[in-house]
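What follows is a single structure, written as structure tokens, with notes after it.
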Amino acid sequence: MRIIIHLIFILAVSSAKSSTMLIADIDDTLKKSNILSYTGVVARAVQDDLAFLGMSQLINSIESENKNLQINYVSNAPELVMIPFHLSFLIENNFPQPGNTYLKVGFDQYHKLRTIYRLLDEQRPDLVILIGDNGENDAQIYETVVKNYPKIQFTVFIRIVYSMKGGGKALRSGQIPFVSSGDLAL
């Protein structure tokens, strides 16, 4: 009986490995998209060579140091138009796990929030790293996610791409600003 209890304890402890999830936006976070300019975003949509310097290397480094890391790319870009271009961008720039890419279907204004909730509910990570930018609503969306999952440890990084006068959104409490992959690495 004692051996059975001991085995159950070992199995319970070994199955309770902590996991880390990284969720990154693509446009203006990993790729220089100029999302706040209609002409800029259209001109850059199909280009593969606009990765922010060092971002794929940094994410690959994070992945190599965390064996239980789950990487997901969640974007509000329209899937119907952008999925081949975003997948090509991720592959051409050596970002890990491009198959875990979720783009907006139809006109779902809550796509990013719903997708992150689904990923958190399905995969139940212990630690989540959220990487976004201040161009659209990443700061607000990530703040909502953090508030609704108080048992998960979050670290939120927001790339400062736009000034407040240029349409950039304000960061929320606890969010860490960065400009380059070097800033993020530190």
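Does the chain classify as rounded, prolate or oblate by the C-alpha gyration tensor (a ≥ b ≥ c root eigenvalues; a/c under 1.5 gives rounded; else a/b over b/c gives prolate, otherwise oblate)?
prolate
Loop-only trypsin sites (Lys or Arg not before Pro) in segment 43-111, please: DSSP not H, G, I, E or B, and at most 10 other Cβ atoms within 10 Å.
Sparse-neighbourhood loop trypsin sites (Lys or Arg not before Pro): Lys67.
Could you run the Debye sum over the Cα atoms of segment 50-133, one equal point scatterer each and no solvent, and tell me log10 of I(q)/I(0) at q = 0.14, 0.16, 0.23 Å⁻¹, two decimals?
Taken in order of the listed q values, log10 I(q)/I(0) reads -0.51, -0.68, -1.30.
Using a probe radius of 1.4 Å on heavy atoms only, what accessible surface per residue do you get for the chain? Whole Å² is fine.
Each residue of the chain exposes 57 Å² on average to a 1.4 Å probe.
Just for the Cα atoms in segment 80-186, what are the lengths along the principal axes, largest first, rounded to whole Å?
Principal extents (Cα only, largest first): 34, 33, 31 Å.
Based on the alpha-carbon gyration tensor of segment 137-186 and its eigenvalue square roots a ≥ b ≥ c, which shape applies: rounded if a/c is under 1.5, prolate if not and a/b is larger than b/c, or oblate?
Oblate, since a/c reaches 1.5 and b/c is not below a/b.
As a check on your grasp of the helix formula, calculate [θ] at 222 nm for the chain: sum -39500 (n - 2.57) over DSSP H runs of n ≥ 4, divide by the residue count, round to the nearest 500.
My calculation for the chain gives -12000 deg cm²/dmol from helical runs alone.
Spin-label point model (7 Å from Cα, Cβ direction): what's the Glu122 to Tyr110 distance in nm?
Taking the two extended label points, one gets 1.8 nm.
Report in % the part of the accessible area of the chain that belongs to carbon and sulfur, leaving out ligands and nucleic acids; probe 1.4 Å.
58 percent
Determine the gain in length on full extension of the stretch Glu92-Arg172; use 0.36 nm per residue of separation and subtract their C-alpha separation, reporting nm with one decimal.
Length gained between Glu92 and Arg172: 25.5 nm.
Once both labels are modelled 7 Å past Cα along the beta-carbon direction, what's the Asn68-Leu36 spacing in nm?
Simple spin-label model gives 3.9 nm for this pair.
What is the extension gain from Val46 to Gln140, computed as 0.36 nm multiplied by their sequence separation minus the C-alpha to C-alpha distance, in nm to one decimal?
Answer, rounded to one decimal: 31.1 nm.
Using Cα pairs under 8 angstrom and six or more residues apart, how large is the relative contact order of the chain, in percent?
23 percent
The values are calculated or read from the model by the stated rules, or taken from the named source; none is laboratory data. Computed from a predicted structure; not experimentally measured. With ideal geometry, Cβ positions are generated from the backbone for all residues, glycine too; neighbour counts draw on all protein chains shown. Ligands, DNA and RNA are stripped out before the accessible areas are found, and what is left, the full protein with its side chains, is counted by its heavy atoms. Shrake-Rupley method; radii C 1.70, N 1.55, O 1.52, S 1.80 Å.
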